[in-house]
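Take a look at the structure set out below.
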């Protein structure tokens, strides 16, 4: 019974260690994520400025689509 317990504990520990190693190597980098969020925010601000300036209806519609696709969160587009 003791050997079985040691084996199961070893397997579980190995799986957990493997998960931590995988996350460390391939997980999301917080600095990279913050940079992407700042970049997205800058794009959204630029789209907002474009929407406020005088333009043709076609240009406005194009900018509005870009803005809604990039900046507005909804269940289908996060």
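Tabulated results
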| read-out | value |
| --- | --- |
| Degrees separating the helix 2-26 axis from the principal Cα axis of the chain, which is the longest one | 20 degrees |
| Acute angle (nearest 10 degrees) that the helix 57-71 long axis makes with the longest principal axis of the chain, alpha-carbon atoms | 20 degrees |
| Equivalent ellipsoid, the range 27-78 (semi-axes from 5 times Cα gyration tensor eigenvalues, Å) | 26, 13, 6 |
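The numbers here are math on the coordinates, done by the rules we state, and not lab data. Being a predicted model, the structure only gives us computed values, none of them experimental.
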